[in-house]
1. Quick one: would you say A:VAL116 is among the β-branched types (Val, Ile, Thr), away from chain B (no Cβ under 12 Å) and either assigned to a helix (DSSP H, G or I) or within 30 Å of B:SER50 (Cβ to Cβ) (or both)?
2. Could you figure out which of (1) of a type in the set (Val, Ile, Thr); (2) within 28 Å of B:GLU225 (Cα to Cα); (3) within 14 Å of DNA strand D (Cβ to nearest atom) isn't true of B:VAL54?
3. Filter region A:50-80 for residues that are assigned to a loop (DSSP other than H, G, I, E, B) and over 18 Å from A:TYR32 (Cβ atoms) and give the result.
4. Does region A:99-110 contain at least one residue that is among the hydrophobic types (A, V, I, L, M, F, W, C), under 27 Å from B:SER151 (Cα atoms) and assigned by TED's automatic domain parsing to the domain that holds A:ALA201?
5. Tell me, which helices (runs of 4 or more DSSP H) lie completely within region A:121-234 with 3 or more residues that are within 14 Å of chain B (Cβ to nearest Cβ) and surrounded by fewer than 19 Cβ atoms within 10 Å (Cβ to Cβ)?
6. Which condition number does A:SER81 fail, the rest of (1) more than 21 Å from B:ILE154 (Cβ to Cβ); (2) over 14 Å from the mean Cα position of the chain (by Cα); (3) more than 16 Å from DNA strand D (Cβ to nearest atom) being met?
7. What pairs can you find where one residue is in region A:67-78 and more than 12 Å from every other protein chain (Cβ to nearest Cβ) and closer than 23 Å to A:ASN166 by Cβ, the other is within 13 Å of DNA strand D (Cβ to nearest atom) and among the small types (Gly, Ala, Ser), and their Cβ atoms are less than 8 Å apart, with a gap of 6+ or different chains?
8. If you check A:MET205 against the conditions, is it modelled with pLDDT of 95 or more and hydrophobic (A, V, I, L, M, F, W, C)?
2 protein chains.
Amino acid sequence: MEYQDLRIVENPTLVREHALDKLRNAISRGLYPPGMRLVERELCEALGVSRTSVREALRQLQAENLIEVGKRRNITVAIVSSKDAEDIYLMREMLESLAVQRFVALADENAIKKLVRIHKDLRKVLNKGDVRELAIMAGEFYETILNGSGSKVIADMARQLLTRVNYLRMRSMAEPHRLEDGMHEWDTLIEAIVERNAEAAAKAMSAHLSNARKAIVTKLQQEEELAAAAVPERAAVSSRRSG
Amino acid sequence: MEYQDLRIVENPTLVREHALDKLRNAISRGLYPPGMRLVERELCEALGVSRTSVREALRQLQAENLIEVGKRRNITVAIVSSKDAEDIYLMREMLESLAVQRFVALADENAIKKLVRIHKDLRKVLNKGDVRELAIMAGEFYETILNGSGSKVIADMARQLLTRVNYLRMRSMAEPHRLEDGMHEWDTLIEAIVERNAEAAAKAMSAHLSNARKAIVTKLQQEEELAAAAVPERAAVSSRRSG
DNA sequence: CGTGCATACTTTGTATGACAAACATAGAAT
DNA sequence: ATTCTATGTTTGTCATACAAAGTATGCACG
């Protein structure tokens, strides 16, 4: 007779993982906005952990492109340029349309029901106008699809990209026009998923992200032009006279 | 008048970066093969650096999916399953066909000449049959295209994927049949690039990676079946009776 | 006034040493 | 042979320490 596998799923949550999560969240939801300087000792205090752990977390954030190390070694929250955003959205388009295609092929009824539920909740929250909550739920929406795509490789990569543009997404949602459009695109997407039409679902996802890309890139370009006009040149070089 | 930017490009090569490079290379070229256990203190000795630096390097490798941390916290070189390999190659197909498309659109004569030169060298090395050197040059080939794609975001991601399957690529090249095919595919690709036919180049790249994918996935599946047959079941669970 | 220099502070990179917790190993005891 | 025990190994975490580089402060002097 065989013994069953009774092992407890150990979850001693490493300190560095905890720190990593906290920092990643802070960045992705804009609590630490792009360009903000991150000082190790301050992070230690904010997180209540040692420098060792903070530094290990920072190395992971660095590999995830969420922070940048300047030439003077100082660490700042990464700034996503309009060009970067464009490429990231192109990649999301490829990855997530593939992911949703697989989701439709693989998902059981429960997964689809979950998606439909999130979608309904989204509608409700939309009417309330709470952008923060909306962003979180939209995140759940994507997450459900990624989880159901059956590919850890693709899901991981898509998640990483999503995190990088999460702050931009949130700000983009603040514009009511884009929100309405996005909701319609989601409607189409959900419809295709419920009908288990993989092809249509992939197309819908692709269209949705393509539109989101255009909106965000346009907005970023405008901001970049404004910034360039306001500070004629060499703005980034002189670190002194910024205040 | 503007002051020129005279700053010296500082290159104090951080110890942790050095360690990271060394480890990444060791893994990607199979010196540390998949599944190998990595012990921090041994790495310290091998690299001649402190545990602090090794651990920071390990965190980056972890974020790059080149190593895995087991439930017992032990670190091993990541094993790429046939399924992972398939997904990675699908992503490479998407990314690198896009990259080469852009390369053709953007590249100056020099970049193209460089590519042609590498291609010629590849032919020569192919006849000599030195697989290691071949793999390195093929890497340069891809790297040149990625650098010329004009997108840091895409290039980074593609590089990361390439690193993950680099060991598999090397082993795949050991099979002469696949090598010949691959060379022909490269011929087609180079031809399209020289003619500055972006569309054709993208197609050629896609076809090449698709073929490479099939070859590698098939091979991996065979190996996995063999391994499964040799060790009936629960092989991964009992860490004791393996020796 | 502001120019220049000296001094003190800050931040990062790196190394060490310490210790607990989780495991693994080898003997010892039954 | 099974179980218990003592000992070693490995990782996770912290606290320090210090050098190098950069930044800020402040003072003296023409």
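The values are calculated or read from the model by the stated rules, or taken from the named source; none is laboratory data. Bear in mind that the values here come from a model prediction, so they are computed numbers and not experimental data. Cβ placement follows ideal geometry from the backbone for every residue including glycine, while neighbour counts extend to all protein chains displayed.
1. Judged against the criteria, A:VAL116 is a match.
2. Exception for B:VAL54: condition (2).
3. Scanning region A:50-80 gives A:SER50, A:LYS71, A:ARG72, A:ARG73.
4. Yes, region A:99-110 has at least one match.
5. A:152-173
6. So the condition that A:SER81 fails would be (1).
7. Pairs that qualify, where the first residue is more than 12 Å from every other protein chain (Cβ to nearest Cβ) and closer than 23 Å to A:ASN166 by Cβ and the partner is within 13 Å of DNA strand D (Cβ to nearest atom) and among the small types (Gly, Ala, Ser), are A:THR76/A:GLY70.
8. The answer is yes for A:MET205.
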